[in-house]
Amino acid sequence: MTFVDDVREAVRAIPAGSVASYGDVGRRVGIGPRQVGRAMSLLDETVPWWRVVYADGTPPSCHGGRAPDLLGTEATPMRGARVDMARARHRWTP
């Protein structure tokens, strides 16, 4: 299994209405946040990419800027244009 596969598995485990930061995903799979970003760029549309946000809750701007709309569709808690990380952050179970 490659780190891209590990990132795919971690991101697929984030439920609708929740998010994780690039750093959260990296800690989960044992890589840095930039590597998570690289892995995310290699994944297809079947992976809920919009559920991975910056540490301050800013949604990604890739994929034509669709992340805010997709997060809204899932009723993800927001504070203005950013995700409310205190309420929406996903925590994986060991």
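Observations on the model:
- Accessible area per residue for the chain is 57 Å², calculated with a 1.4 Å probe on protein heavy atoms, without ligands, DNA or RNA.
- If the segment from ARG87 to THR73 were pulled out straight at 0.36 nm per residue, it would be longer than the present Cα-Cα gap by 3.4 nm.
- Once the Cα atoms are used to define both axes, helix 33-42 deviates from the longest principal axis of the chain by about 90 degrees.
- Region 1-34 versus region 42-72: alpha-carbon centroid distance in Å: 13 Å
- Backbone phi angles across region 86-94, fed through the Karplus curve with coefficients 6.51, -1.76 and 1.60 (θ = phi - 60°), yield HN-Hα couplings of 5, 9, 9, 5, 7, 10, 6, 8, x Hz in residue order; Gly and Pro are listed as x.
- In this structure the amide hydrogen of SER21, modeled in the peptide plane, comes within under 5 Å of the amide hydrogens of VAL53, none closer than 5 places in sequence on its chain.
- Positive dipole terminus of the chain, leading residue within LEU43, LEU70, TRP92 (C-beta point charges): TRP92
- Annotation: amide H of VAL83 within the under-5 Å range of THR58, sequence separation 5 or more or interchain, hydrogens built in the peptide plane.
- Residue-by-residue Karplus 3J(HN,Hα) for region 51-65, coefficients 6.51, -1.76, 1.60, Hz, glycine and proline x: 7, 10, 10, 6, 4, 8, x, 5, x, x, 9, 6, 6, x, x
- Rounded, prolate or oblate (a/c below 1.5 giving rounded, otherwise prolate when a/b exceeds b/c) for region 43-94 by Cα gyration tensor: oblate
- Principal-axis tilt of helix 3-12 within the chain, Cα atoms, nearest 10 degrees: 30 degrees
- The value of relative contact order for the chain, using C-alpha pairs under 8 Å at least six residues apart, is 33 percent.
- Portion, in percent, of the accessible area of the chain that falls on carbon or sulfur, probe 1.4 Å: 51 percent
The values are calculated or read from the model by the stated rules, or taken from the named source; none is laboratory data. Every value quoted in this text rests on a predicted model; they were computed, and no experiment measured them. Neighbour counts run over all protein chains shown; Cβ positions are idealised from the backbone, glycine included. We work out accessible area using only protein heavy atoms, side chains counted, and drop any ligands, DNA or RNA first. Shrake-Rupley method; radii C 1.70, N 1.55, O 1.52, S 1.80 Å.
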